[in-house]
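The values are calculated or read from the model by the stated rules, or taken from the named source; none is laboratory data. A quick note: this is a predicted structure, and the numbers were derived from the prediction, not measured. For neighbour counting, all protein chains shown are included, and Cβ atoms are generated from backbone atoms with ideal geometry for every residue, glycine included.
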Protein chains: 2
Amino acid sequence: MPSLAGLFFWIMDKFKDIKKITISKPLKLDCGKTISNFPIAYETYGKLNHEKNNAILVFHALTGDQFVTETNPITNKEGWWITAVGPGKSIDTNKYFVVCANVIGGCMGSLGPRNINPETNQPYGLDFPVITIKDMVRAQETLLNHLGVKKLLCATGGSMGGMQLLQFCATFPDKTFSAIPIACSSSHSAQNIALNELARQAIMADPVWDNGKYFLKNVQPKNGLAVARMVGHISYLSEKGMQEKFGRKLQEKADYEFSFNADFQVESYLRHQGYAFVERFDANSILYITRAMDYFDLSKQFRGGLVEAFRNQKTKFLVISFTSDWLYTTKENKDIVIALNSSGADVSFSEIKTDKGHDSFLLNENEFLKTLKGFIDSMYEKFKNEKGI
Amino acid sequence: MPSLAGLFFWIMDKFKDIKKITISKPLKLDCGKTISNFPIAYETYGKLNHEKNNAILVFHALTGDQFVTETNPITNKEGWWITAVGPGKSIDTNKYFVVCANVIGGCMGSLGPRNINPETNQPYGLDFPVITIKDMVRAQETLLNHLGVKKLLCATGGSMGGMQLLQFCATFPDKTFSAIPIACSSSHSAQNIALNELARQAIMADPVWDNGKYFLKNVQPKNGLAVARMVGHISYLSEKGMQEKFGRKLQEKADYEFSFNADFQVESYLRHQGYAFVERFDANSILYITRAMDYFDLSKQFRGGLVEAFRNQKTKFLVISFTSDWLYTTKENKDIVIALNSSGADVSFSEIKTDKGHDSFLLNENEFLKTLKGFIDSMYEKFKNEKGI
């Protein structure tokens, strides 16, 4: 572990060997500012076949990154979707070419607030422009051209990944043959904005955050960021799932300690998750990415609302929700299905019964993984028979 | 407003004129420590009648206090239960004698971490003993003797107030003729412990908190405390209620600002609620009271579990829950009903249909207020006819 003083360059150095393209073409962001010559970091698994019809694009969620499966070379942890993606898995990398890019605003190699601002030669911090889900998606679309993929077999993503996917389909209606939005929403609800605001307030309340300038001192607002992460972990589980997993079990003690230490396992879990997160994520990135999620409202972009967003879609959709997900409820997912139906799109819907809450899409949920596999494999058969891709 | 240096004494001075008794008899707390000669601050509304059979004890929730109705003389705000308590209201102060005491651990005049520790002549801070719901209730029972009330007509409370009430009935089975636990639980769930832990972590993450010693410097860890309060406000509303109240409405602007200011009304609401709270509550009190809630598990106190806790109850119960309350769900309230039924107690149950979430018990919910009134008035008729109180 390097000294704190060297931390910044050590972090930047770690990203040297990951896959990256530089997008030279200027991208005008929704906020009005323009970025150019910016990096998009990505990873691929499996091989693009000769016909170039086996590519699957995965969009990652808030704290995800491009390392979908295998071992993340930066954090040395398992890829975040190792349950679903890999050889012989639902998204079978023996068969399909899987691509995932780090979102702009993130901190795994794509342009984000930790990068150097060419105007100041310092890390951006809060000088980084406020980005949107649409900005993220437009940046990633460029990557497909670079990889020689004209049309995807499928695009998928859960949570914010699903939001990117809906935006991708609305903005680039001919770019994917099929799409699987999972546990998401076409516009962020008041409760979800509130939870994100809570996370942001926790970060901004930490004096170390220093108006986003902490990076100049090679420190992290770790207390605020840890609290922000705890908000997430509470919202990713269901009440019932949490009760089954932790209940009132005590953490390695026979009885209450009558103190403010972690007496309960659920407290210990939250503290651990919160402080472990600090090692792998950047506080300013949480601010930017949660803001993009809150701003997401697909219906706002089209005069005719959500139905208009999906007008003339040829993409075949499978929308998936989880019964115990209270962050992106079945109702919100059904609203997407209703809009797709109203716009005449080809859409299926599957609600998976589970107590595991929003986290379900990342877990070994058999019915979910079978549904995913069945849909993708059948789409591949259809796509192969289609002419003139 | 006094200078910061004078804040502590100014605060203490404000409590001079409120009703208070000093309990001289030592109280051995669940943690093993003993307190004695400690203050219990309280308020009363209406008059105790000659027969002394019209007394209603109200237990307050986490951030409540003894000022149930009229104007709180310390904060100059409306009493927290002005919707339900007052002349001609459901709990009619023209008819009934209403008593409410500030819980120990609180900050409205009863013994709490802000009081002077006689051993050090400094405010307790974290030297204050960790208290339980049972400790709170035992301290309050003493007050009834002081007021000359042998047996209450009714005792009631929502949220933590309901938890105190369940404890009160279990510990003092002959002290109330009827009881109305509202929107509560007989033991804190993992999700509720997690939300409380989140609030505590937010406070303890604030360097101003300084291990609970902030009071020596006449400051408050206001950022941490504000974030803690925001957690509460999110959990008190339902997802649907929040969507109806705020949705994606912007705060006095025509479009997104592309910044981290409060663009959405729900953000503005949370910030306002968070920072307003800092003016009226003490951060250490939040730590102590949430801890007491987390430790609450009535079934743990009795070998035979919850059924045994209510064995031989003559008290007539009405349990009330709200359909959209996700903090203390109908299921948790029904579990109380099932235990009461199993122990042979006299119990009714009412689930009120509303989108207002946990907050419903504080609001003008017509069906709820009618139910409350109907039950209390009928209990009064029965209690009057009972002999030998």
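Taking the stated definitions as given, is A:VAL208 facing chain B (nearest Cβ under 10 Å) and surrounded by 22 or more Cβ atoms within 10 Å (Cβ to Cβ)? Against the criterion (facing chain B (nearest Cβ under 10 Å) and surrounded by 22 or more Cβ atoms within 10 Å (Cβ to Cβ)), A:VAL208 does not qualify. All but one of (1) surrounded by fewer than 19 Cβ atoms within 10 Å (Cβ to Cβ); (2) at pLDDT 95 or above; (3) within 30 Å of A:PRO73 (Cβ to Cβ) hold for A:ILE286; state the number of the condition that does not hold. For A:ILE286, the exception is condition (1). Within the range A:217-242, restricting attention to residues that are in contact (Cβ under 8 Å) with a residue 60 or more places away in the chain and polar (S, T, N, Q), the residue that is farthest from the other protein chains (Cβ to nearest Cβ) is A:ASN218. Filtered by the rule that a residue be more than 14 Å from chain A (Cβ to nearest Cβ), among the charged types (D, E, K, R) and more than 24 Å from B:CYS184 (Cα to Cα), the range B:106-144 gives B:ARG114, B:GLU119. Taken as a whole, the structure leaves B:PHE260 outside the set of residues that are farther than 26 Å from A:LYS222 by Cα and either outside the structural domain of B:TYR328 (by TED's automatic domain parsing) or surrounded by fewer than 16 Cβ atoms within 10 Å (Cβ to Cβ) (or both). Of all residue pairs spaced 6 or more apart or on separate chains, those with beta-carbon atoms under 8 Å, a first member in the range B:336-355 that is farther than 18 Å from B:GLN167 by Cβ and a second member that is among the hydrophobic types (A, V, I, L, M, F, W, C) and in a helix (DSSP H, G or I) are B:SER342/B:VAL307; B:SER348/B:PHE375; B:PHE349/B:VAL337; B:ILE352/B:PHE368; B:THR354/B:PHE368.
For the range A:189-205, taking the residues that are within 7 Å of another protein chain (Cβ to nearest Cβ) and within 19 Å of B:SER259 (Cβ to Cβ), the one that is surrounded by the most Cβ atoms within 10 Å (Cβ to Cβ) is identified as A:ALA202. Restricting attention to the range A:305-349, the residues being part of a strand (DSSP E or B) and buried (at least 20 other Cβ atoms within 10 Å of the Cβ) number 8. Of all residues in the range A:4-63, those satisfying the criterion of being farther than 21 Å from A:LEU144 by Cβ, at pLDDT below 95 and of a type in the set (A, V, I, L, M, F, W, C) are A:LEU4, A:ALA5, A:LEU7, A:PHE8, A:PHE9, A:TRP10, A:ILE11, A:MET12, A:PHE15. Under the condition of being farther than 16 Å from B:GLY158 by Cβ and either surrounded by fewer than 21 Cβ atoms within 10 Å (Cβ to Cβ) or touching a strand residue (DSSP E or B) at 6+ places or on another chain (Cβ under 8 Å) (or both), the residues counted in the range B:289-304 number 9.
Entry remark, the range B:11-39: residues being charged (D, E, K, R) and assigned to a loop (DSSP other than H, G, I, E, B) number 6 in total.
In the range B:258-270, of all residues being within 27 Å of the chain's Cα centre (by Cα) and at the interface with another protein chain (Cβ under 7 Å from one of its Cβ atoms), the one that is farthest from B:SER360 (Cα to Cα) corresponds to B:GLU267. For the range A:243-257, the count of residues that are out of contact with any Phe, Trp or Tyr (no Cβ under 8 Å at 6 or more places or on another chain), closer than 26 Å to A:ASP65 by Cα, charged (D, E, K, R) and facing chain B (nearest Cβ under 8 Å) is zero.
Considered as a group, the residues in the range A:159-185 that are in a loop (DSSP other than H, G, I, E, B) and among the hydroxyl-bearing types (Ser, Thr, Tyr) include one that is surrounded by the most Cβ atoms within 10 Å (Cβ to Cβ), and that residue is A:SER159.
Yes or no, residue by residue, for (1) among the charged types (D, E, K, R); (2) outside the structural domain of B:ASN53 (by TED's automatic domain parsing):
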site: B:MET160; (1), (2): no, no
site: B:PHE177; (1), (2): no, no
site: B:CYS184; (1), (2): no, no
site: B:ARG200; (1), (2): yes, yes
site: B:PHE215; (1), (2): no, yes
site: B:MET242; (1), (2): no, yes
site: B:LYS249; (1), (2): yes, yes
site: B:GLN265; (1), (2): no, yes
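Annotation: A:TYR214 fulfils all but one of (1) over 25 Å from A:GLN122 (Cβ atoms); (2) buried (at least 18 other Cβ atoms within 10 Å of the Cβ); (3) more than 9 Å from every other protein chain (Cβ to nearest Cβ); (4) out of contact with any Asp or Glu (no Cβ under 7 Å at 6 or more places or on another chain); the unmet one is (1). Checking each residue in the range A:289-324 for being more than 22 Å from B:LEU198 (Cα to Cα), β-branched (Val, Ile, Thr) and at pLDDT 95 or above picks out A:THR315, A:VAL319, A:ILE320, A:THR323. One residue stands out in the range B:207-235 among those that are of a type in the set (A, V, I, L, M) and within 17 Å of A:ILE193 (Cβ to Cβ): the one that is farthest from the chain's Cα centre (by Cα), namely B:VAL227. Quick one: B:PHE281 ticks every box in (1) more than 7 Å from chain A (Cβ to nearest Cβ); (2) in contact with a helix residue (DSSP H, G or I) (Cβ under 6 Å, 6 or more places away or on another chain) except a single one, so which number is it? The number of the failed condition is (2). You will find that of B:ILE104, B:ILE116, the residue that is of a type in the set (A, V, I, L, M, F, W, C) and touching a residue at least 24 places away in the same chain (Cβ under 8 Å) is B:ILE104 and no other.
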